[in-house]
Every structure is written in C-alpha cells, then in structure tokens.
Amino acid sequence: MNNQIKVVMLWLMIVIGIVLHSVLETAEALYYSPLPEEPYGEGTPVEGHIIAIAAMIVPMLFGFLSLFLRSKTFIWIALIYASLLGLLNIFHAVADGSLENITQLVLLSSVAVINVLLVITLNNWRKEHLQSED
C-alpha cells in the first residue's frame, strides 16, 4: 500500500477515534452525572465548536484532500498539522487517561499511536515526493 493511501486511512482512523471519544464522554456524562433541571445555556460554547473543527473536521478534510493533492506545500502543511494534533492527542491521553475508565484510556492511547504513525507516514510521503522530483 502506498503512503498516500496510508495517510488517508490514518487521518480517517483519527477522526473515528475522536468521534468515539466524544460519544463515550457524552454517554458517561448522561449515565453518571445528574442531569440539570435547566439547560446550561444557549447551545454549544464557541470553544466546543473550535475543538470539534480542529479535532474532527480538519483531519477529515486532510484525509479527503490527501486523495487528490500531492504538492510539496500540502504535504508540509499536513505534516505540521498532524504533528501539532499528535502532541495534543498525546497530552490528552496522558492527562485524561485514568484507570477509572479503561475504555477511554485504550481509545485515547490508540488515537495517539495512530497519530504518531500518521506523522511518520507523512514524513515518508514527503521524502518519497522529494525523490520523485530529482
């Protein structure tokens, strides 16, 4: 399997992992926390939208665009974004992963590992792209 297809699959696996994490967090809040009598506010706060866009929508777009774009600039942007997202995912796995919820620990650790593999694969794709230019 070539690096481009691997990159697409790894981006999508990260998106699926983050969506599963969100679903489990919501379920955990519903099952283990008392529901408020009144709604919390006027909907999702701006921070929630920013996190959803940065952690789910942008990686999904990178996965989609990786099917069609092969420019050096795109690969560099994807590599930088994947590296930053990887640091965030590793930090989140360490900070949030407690032994109280083993499912979340395994899921967040898996997403962090997949993110590291994505960075490695993107770097290999970048090198492959450089060699094909020579």
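Among the helices (runs of 4 or more DSSP H) lying completely within the stretch 1-113, list those that include at least 2 residues that are among the β-branched types (V, I, T) and within 30 Å of E128 (Cβ to Cβ).
It comes to 3-32, 72-96.
Any chance you could count how many residues in the stretch 51-77 are under 12 Å from the mean Cα position of the chain (by Cα) and aliphatic (A, V, I, L, M)?
Within the stretch 51-77, residues that are under 12 Å from the mean Cα position of the chain (by Cα) and aliphatic (A, V, I, L, M) number 10.
For the stretch 78-93, enumerate the residues that are loosely packed, with under 15 Cβ neighbours inside 10 Å and modelled with pLDDT of 95 or more.
I80, L84, L87
Inspect all residues belonging to the stretch 50-64 and state whether any of them is surrounded by 11 or more Cβ atoms within 10 Å (Cβ to Cβ), farther than 13 Å from N115 by Cβ and modelled with pLDDT under 90.
Within the stretch 50-64 (the criterion being surrounded by 11 or more Cβ atoms within 10 Å (Cβ to Cβ), farther than 13 Å from N115 by Cβ and modelled with pLDDT under 90), the answer is no, since none of the residues qualifies.
Quick one: S71 ticks every box in (1) in contact (Cβ under 8 Å) with a residue 12 or more places away in the chain; (2) exposed (fewer than 11 other Cβ atoms within 10 Å of the Cβ) except a single one, so which number is it?
So the condition that S71 fails would be (1).
Within the stretch 110-125, which residues are more than 17 Å from the chain's Cα centre (by Cα) and buried (at least 16 other Cβ atoms within 10 Å of the Cβ)?
Within the stretch 110-125, W125 is the sole residue that qualifies.
The values are calculated or read from the model by the stated rules, or taken from the named source; none is laboratory data. Predicted model only: the values in this text are computed from it and were never measured. Neighbour counts are summed over all protein chains in view; Cβ atoms, including those assigned to glycine, are modelled from backbone coordinates with ideal geometry.
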